[in-house]
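Chemist: One structure is given below, represented as structure tokens, and several questions about it will come after.
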Amino acid sequence: MVEFVHKPVLLEECVNGLNIQQDGIYVDGTVGGAGHSAAVVRLLGAEGLLIGIDRDGAAIAKAERQLRELSVAPFVLVRDNHENIRSVLQNLSLVTVDGFLLDLGVSSYQLDTPERGFSYRYDAPLDMRMDDRNPFTANQIVNTYDEKSLIQILSEYGEERYSKRIARAICRSRPVSTTMQLVEIIKNAVPPAPPSHGHPAARTFQAIRIAVNGELTALSQTIEDMTHFLKPGGRICIISFHSLEDRIVKQTFKYWANPCQCPRDIPYCICGKKPLLTVITRKPIIPSQKELAENPRAHSAKLRVAERI
């Protein structure tokens, strides 16, 4: 059994970005091993509250142990998907909160637990579920989707230039039952590339994982829901790890900072849509060289912060 080790990315930057108040209510929508949440809880007083959400049962269990040991501020953990953040907060009878944090993507624990099937470095069943209560796995995508659907997933979610070759090879090689079988299929389908280009299966595994877990489908709506729950002056901090996530975060922040849809030649707004956010980070915050040296998995992380008007 792999120990749940969670090294929080851009920790100091997130804590500063949230502008934490001792009596505030803060929501970590991807609590993971509570790396970020532990830092938040340490800054809260007894009148504050942390709410941690994660769909991974192992993450919730680790967060419970981690936060219980601190015994600082009250906390509530909920096993759910951050896309349901509205219903989670309503079920807790909350109307407003002081800050939200999302640390998107796959966790180190998930990658380093071979049987979860997230990694192209270990031989395991094709699973890739962040929530093991979900019956839909990577096996179903790899073995039942037609070539056209596979091409679309690999192109859209993996930005894989050889999506057609890989999709065709997968369809011809069925049934595929393990991660290493899939890795070999991918390697044989694409031209050799230098190590500097990364592992040949990386983009395909990313794409299938995103599809299995629906990681991008509701992200914009999640940000909208968080925006409406924020108190004036409250902050949203979102860490993304690839361009697809970052683009959605950037565009959604931009929209809520200027939602007016009136034609430019009209001298004043008649649509009635008022700005709800101010974008704090015009450019994303990225890890320092020191952090990258200590945690290479942080290399693609980008943090964007917005504040409720």
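The values are calculated or read from the model by the stated rules, or taken from the named source; none is laboratory data. Everything quoted here is computed from the prediction, not taken from an experiment. When we count neighbours, we look across all protein chains shown, and the Cβ atoms used for this are built from the backbone with ideal geometry, even at glycine.
Chemist: Quick one: count up the residues across the range 6-36 that are free of Cβ contacts under 8 Å to residues at least 60 places away in the same chain and either over 15 Å from the mean Cα position of the chain (by Cα) or farther than 23 Å from ARG308 by Cβ (or both).
Modeler: 8
Chemist: Please name all residue pairs, on different chains or six or more residues apart, with Cβ atoms under 7 Å, provided the first residue is in the range 171-197 and is under 17 Å from ASP146 (Cα atoms) and in the same structural domain as THR137 (by TED's automatic domain parsing) and the second residue is acidic (Asp, Glu) and modelled with pLDDT of 95 or more.
Modeler: Hits for this filter: CYS171/GLU147.
Chemist: Taking helices (runs of 4 or more DSSP H) that do not extend beyond the range 197-309, which have at least 1 residues that are hydroxyl-bearing (Ser, Thr, Tyr)?
Modeler: The qualifying helices (runs of 4 or more DSSP H) are 202-213, 219-229, 243-257.
Chemist: Can you confirm whether the range 261-269 contains a residue that is surrounded by 17 or more Cβ atoms within 10 Å (Cβ to Cβ) and outside the structural domain of TYR157 (by TED's automatic domain parsing)?
Modeler: No, the range 261-269 has no match at all.
Chemist: Taking the options LEU67, LEU89, name whichever one is among the aliphatic types (A, V, I, L, M), crowded, with 21+ Cβ neighbours inside 10 Å, more than 15 Å from ALA39 (Cβ to Cβ) and touching a strand residue (DSSP E or B) at 6+ places or on another chain (Cβ under 9 Å).
Modeler: LEU89 is the lone residue from the list that is among the aliphatic types (A, V, I, L, M), crowded, with 21+ Cβ neighbours inside 10 Å, more than 15 Å from ALA39 (Cβ to Cβ) and touching a strand residue (DSSP E or B) at 6+ places or on another chain (Cβ under 9 Å).
Chemist: Going through the range 55-95 one residue at a time, which ones are within 16 Å of ASP23 (Cα to Cα) and touching a Leu at 6+ places or on another chain (Cβ under 7 Å)?
Modeler: VAL72, ALA73, PRO74, PHE75, VAL76
Chemist: Yes or no: SER240 at pLDDT 95 or above, loosely packed, with under 14 Cβ neighbours inside 10 Å and closer than 30 Å to GLY24 by Cβ?
Modeler: no
Chemist: State whether the residues of the range 278-298 include one that is touching a Lys or Arg at 6+ places or on another chain (Cβ under 7 Å), charged (D, E, K, R), assigned by TED's automatic domain parsing to the domain that holds THR227 and touching a residue at least 60 places away in the same chain (Cβ under 8 Å).
Modeler: There is no residue in the range 278-298 that is touching a Lys or Arg at 6+ places or on another chain (Cβ under 7 Å), charged (D, E, K, R), assigned by TED's automatic domain parsing to the domain that holds THR227 and touching a residue at least 60 places away in the same chain (Cβ under 8 Å).
Chemist: Is it true that some residue in the range 108-118 is farther than 21 Å from PRO200 by Cα and touching a Phe, Trp or Tyr at 6+ places or on another chain (Cβ under 7 Å)?
Modeler: The answer is yes; a qualifying residue exists.
Chemist: Something else about it: Filter the range 212-224 down to the residues that are crowded, with 21+ Cβ neighbours inside 10 Å and more than 13 Å from the chain's Cα centre (by Cα) and list them by number.
Modeler: Matches in the range 212-224: VAL212 only.
Chemist: Same structure again: In the range 190-214, which residue that is of a type in the set (Gly, Ala, Ser) and farther than 30 Å from PRO135 by Cα is modelled with the highest pLDDT?
Modeler: Top of the filtered list is GLY198.
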